[in-house]
Each structure stands twice: as C-alpha cells, then as structure tokens.
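The values are calculated or read from the model by the stated rules, or taken from the named source; none is laboratory data. Note that this is a predicted model, so its numbers are computed, not measured. FYI the Cβ positions are ideal-geometry reconstructions off the backbone, even for glycines, and counts take in every protein chain you see. These accessible areas exclude ligands, DNA and RNA; they are computed on the full protein's heavy atoms, side chains included. Shrake-Rupley method; radii C 1.70, N 1.55, O 1.52, S 1.80 Å.
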Amino acid sequence: MKLIGSTTSPYVRRIRILLDEEPYEFINLDIYGEGRDELRRNNPALKIPMLEDEGQELYDSRIIARYLSAKQNRDPLTWDQQNQLTLIDAANDSAVTLLLAKRSGVDVEADVMFFNLQRERIMTTLRTLAAQVEEGQFEAWNYPAICLYCLVDWLDFRDLVDFTGVESLLAFRDSRKGKPWVAQTDPRQA
C-alpha cells in the first residue's frame, strides 16, 4: 500500500491516523513545488491524498477511508456520520480556499462575496460541529472524530479562524492529543 500526500494536509493526516498500524509507504510531496509533477502523474484530480493498493488507485480521502474500512471489516458510516463528514469537509474546503488565496497575495479579508461566503460556511459549520461535540456525538474515536480532530488542529495550526464561541472544538482537540498516530502526524513536526 502506498499513500501519496503531504504532512501538512488535514485530508492526508486523517488517512494516516486511520491507517494506524497498517503497513504502508508514505510519499510526502511538496504539491505546490517540486512534487507537482509526481502529483500530476498519480492523480488526475491533482488532489491529495491518493492511495495505491493492489492495483487499485483511489483519489479522495473519503473514498480512501471507505476502501480502508471495507478492507479492515469496519462498520460502514451511518447517514448521520456521513453528514458530519460533509460538514467537516465543507469547512475544510473553504479554509483551504482561503489559505491558497491568501498565499497567492489576494486580500481574503476584503468584503467580497466569494470570501464572505467561505468565512460564513466555515463558521456556520463550526458552530454546528461544536454543538454536536457538546452533545457527545464525537465521543467515539472513529473516522468522523478523526476528521474533526484534523480539521480543528489544522485550522489552529494555520491560524485561520477565531474559535470564540466554538471553544468546545479546541477542548475536543486537546482531549484527543494522546490518541494513536496523532502526535506522529502533527503538521508542526513537518
């Protein structure tokens, strides 16, 4: 099994944590620099992570997680868990968009509809996820909890949001720092 990605991607990190003790080769790419050509050769969607296993190529973290869960005989996700992943991914996608725009020299704090919509999506989903954390919906250390952990930690690592009003997300993150593969996949170590 070979996982292609970067150590700073929250999408890659969730798969690395999910893989746990599974033997696999990790190819760490600088996807915005010299690793771009390898990314083009391996994933036509130009996304990370990408997994190769026994001739099967998988191009998206949700599909990879589903594949690994089936391979590891885990129960499929419920519809509520799928909805949680949709919220997590929506916030994560918008945050990545803001980060890339900012790195491209664009003023993402401008009162522009596109950036306003991204910020609104992030905070609306974070408030919903915080309420779910407070209701105990993320108590089990399963794939949705891993994804939420990776999102919150990445947002904090990149200093992309003000967690005022959603502090329970930081408490959730802090209470899970000792989980398997969390410390080994910390993007601050990259």
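Annotations for the structure displayed:
- Pair list, Cβ under 7 Å, 6 or more apart: region 23-37 residue farther than 20 Å from GLU54 by Cα and open to solvent by less than 60 Å² (accessible area, probe 1.4 Å), other residue in a strand (DSSP E or B) and hydrophobic (A, V, I, L, M, F, W, C): LEU29/ILE4
- Checking LEU169, LEU148, LEU99, LEU155 one by one, the residue that is aliphatic (A, V, I, L, M), touching a Phe, Trp or Tyr at 6+ places or on another chain (Cβ under 7 Å), within 28 Å of ASP30 (Cα to Cα) and open to solvent by less than 70 Å² (accessible area, probe 1.4 Å) is LEU148 and no other.
- In region 75-98, the residue that is nearest to GLU120 (Cα to Cα) out of those that are free of Cβ contacts under 8 Å to residues at least 12 places away in the same chain and not in a helix (DSSP H, G or I) is THR78.
- Of all residues making up region 10-38, the number that are modelled with pLDDT of 95 or more and of a type in the set (S, T, N, Q): 0
- Filter pass, LYS47 being of a type outside the set (A, V, I, L, M, F, W, C) and part of a helix (DSSP H, G or I): no
- From ILE4, ILE17, residue being of a type in the set (A, V, I, L, M), buried (at least 18 other Cβ atoms within 10 Å of the Cβ) and more than 20 Å from ARG158 (Cβ to Cβ): ILE4
- Meets criteria (assigned to a loop (DSSP other than H, G, I, E, B) and under 17 Å from ILE15 (Cα atoms)) for LEU160: no
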